[in-house]
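The structure appears below as structure tokens.
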Amino acid sequence: MADGEDVHGLKGVLVMFQSCLDSKEEILMDPYLEGWKGLVRFLNTMGPIFSFISKDAVAKIQIMETFRGSEQQENYISLQAMVNYELTNGLVDLKQPGTYPTSGCRTILRLHRALRWLHLFLEGLRTSSPSSKTSTLCTDSYNASLANYHPWIIRKAATMAFYALPTRDAFLENMKVGTTEAAIEMLGEALPSISRVYDITEDLFTQHKLLDLP
Ligand code: 1Q0
């Protein structure tokens, strides 16, 4: 990260996703997890009503950090290395939950699905009109992505919580990049890298038939 860049603003977080991609277009685990940690910090500023969401995200980040701190850390240096290592060694429950409820592959798959929500939501925010409601933007992006993988009770709790979201202008201001216009411009610059990370992961998981891991 360049000197003087604010890691606490949304820009710093989105830049993390940009720096995930190495020269071979593999996704590096550490900046990927840093990106998620930054997003969780944002979520935590929005009030306790979102804590059931941030707790789940934190639990998943911790699973991955434990792999990165273990003797197998090199096998988790990138998403590609992880898929290769876990599949070669039979460390993933492919059809039903069993011996490996916290495999890296199934854990990253959950975050990967949430990244789709994030992209849709921020893109919605970027292209919204000043009178748009964040709860509607958030519900629409959730219904078009993550909701498809959640049981009714979680969908209900999530959509209720969305009513407590800050307004569009407060959101754009919380990004800490200056004016509303500057925040919108920043989103336009940063969103393509989120989409790139999403697409590469989607291809990787499709190629190895990992998109439905229990
Ligand atoms: C801004 C509002 C945040 C809305 C987040 C949308 C996601 C709703 C997800 C509801 C998840 C409920 C908790 C449990 C879910 C698990 O069952 C599920 C599956 O895991 P498993 O192990 O049971 O198979 N887990 C997931 O689907 C993962 C969910 C991770 C969500 C991570 C969300 C991180 C949010 C970041 C907020 C970013 C705000 C950015 C904008 C800032 C602008 C100033």
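The values are calculated or read from the model by the stated rules, or taken from the named source; none is laboratory data. Quick caveat: nothing in here was measured; it's all calculated off a predicted structure. As a convention, Cβ positions derive from the backbone with ideal geometry for all residues, glycine included, and neighbour counts pool all protein chains shown. Heavy atoms of the whole protein, side chains included, go into the accessibility calculation; ligands, DNA and RNA do not. Shrake-Rupley method; radii C 1.70, N 1.55, O 1.52, S 1.80 Å.
Across the chain, how large is the tail of the calculated P(r) beyond 29 Å, expressed as a percent of all Cα pairs? Kindly include the intermediate steps, with their values, before the conclusion.
Values: 5689 of 22791 pairs.
Roughly 25 percent, once rounded to a whole number.
Find how many whole Å separate the alpha carbon centroid of segment 149-214 from the alpha carbon centroid of segment 61-95.
If we compute the Cα centre of each part, the gap is 24 Å.
With a 1.4 Å probe and all protein chains left in place, how much of the accessible area of segment 69-214 comes from carbon and sulfur atoms, in whole percent?
Numbers: 4000 of 7600 Å².
For segment 69-214, the apolar C and S fraction of the accessible surface comes to 53 percent.
For the chain, what does -39500 (n - 2.57) per DSSP helix run (n ≥ 4), summed and divided by total residues, give at 222 nm, in deg cm²/dmol to the nearest 500?
-20500 deg cm²/dmol
Which of the helices in the chain, when you take each full DSSP H run, stretch at least 27 Å along the axis at their Cα atoms and have an average Kyte-Doolittle score of -1.0 or higher?
Details: long enough: 104-126 (32 Å, 0.15); 180-207 (40 Å, 0.11).
Qualifying helices, which must be both long enough and hydrophobic enough, are 104-126, 180-207.
Taking 0.36 nm per residue of separation and subtracting the Cα-Cα distance, what length does fully extending Ser23 through Phe52 add?
Net length gain for the segment: 6.8 nm.
Which of Leu111, Tyr76, Gly98 sits closest to the plus end of the dipole of segment 55-133, meaning its Cα is farthest towards the positive end, when Lys and Arg get +1 and Asp and Glu get -1 on the C-beta?
Highest projection toward the positive end goes to Leu111.
Would you mind putting 146-156, 53-63 in packing order, based on average other-beta-carbon counts within 10 Å, highest first?
The densest-packed peptide leads the list: 53-63, 146-156.
Full-extension gain between Asp169 and Ile153, please, as 0.36 nm times their residue separation minus the C-alpha to C-alpha distance.
Residue separation times 0.36 nm, minus the Cα-Cα distance, leaves 2.8 nm.
Which residue, Tyr32, Tyr163, Tyr76, has the most motion in a Gaussian network model of the chain that connects Cα atoms within less than 10 Å?
Comparing Tyr32, Tyr163, Tyr76 in a Gaussian network model of the chain, the most mobile one is Tyr163.
Given charges of +1 on the Cβ of Lys and Arg and -1 on the Cβ of Asp and Glu, with all other atoms neutral, how large is the dipole of segment 96-214 about its Cα centre, in debye to the nearest 20?
The dipole magnitude comes to about 500 debye.
How much accessible area per residue does the chain have, counting only protein heavy atoms and a probe of 1.4 Å, in square angstrom?
Numbers: 11080 Å² over 214 residues.
With the other protein chains kept in place, the chain gives 52 Å² per residue.
Take the alpha carbon gyration tensor of segment 151-212, find the square roots of its eigenvalues, order them as a ≥ b ≥ c, and report rounded if a/c is under 1.5; if not, report prolate when a/b exceeds b/c, else oblate.
Numbers: a/c = 5.51, a/b = 1.27, b/c = 4.34.
Oblate.
Could you tell me which of rounded, prolate or oblate describes segment 55-175, using a ≥ b ≥ c as the square roots of the eigenvalues of the alpha-carbon gyration tensor, with rounded for a/c under 1.5 and, failing that, prolate when a/b is larger than b/c and oblate otherwise?
In terms of gyration-tensor shape, prolate.
Give Lys60/Lys156; Lys24/Lys95; Lys133/Lys156; Lys60/Lys95; Lys24/Lys209 a once-over and call out the pairs whose C-alpha atoms are over 24 Å from each other.
Too far apart for the 24 Å limit: Lys24/Lys95.
Determine the relative contact order of segment 1-122: mean sequence separation of Cα pairs under 8 Å and six or more apart, normalised by residue count, in whole percent.
19
So how exposed is Met160, as accessible area in Å² (1.4 Å probe, rounded to 10)?
Its heavy atoms expose roughly 120 Å² to the probe.
Could you give the size of the charge dipole of the chain about its Cα centre, using +1 on the Cβ of each K and R and -1 on the Cβ of each D and E, expressed in debye and rounded to the nearest 20?
Dipole of the chain, to the nearest 20 debye: 920 debye.
Calculate, in nm to one decimal, what Thr45 and Ala59 gain on full extension: separation in residues at 0.36 nm each, minus their alpha carbon distance. Write down the numbers at each step before the final one.
On the way: separation 14, 0.36 × 14 = 5.04 nm, distance 1.81 nm.
Here the answer is 3.2 nm.
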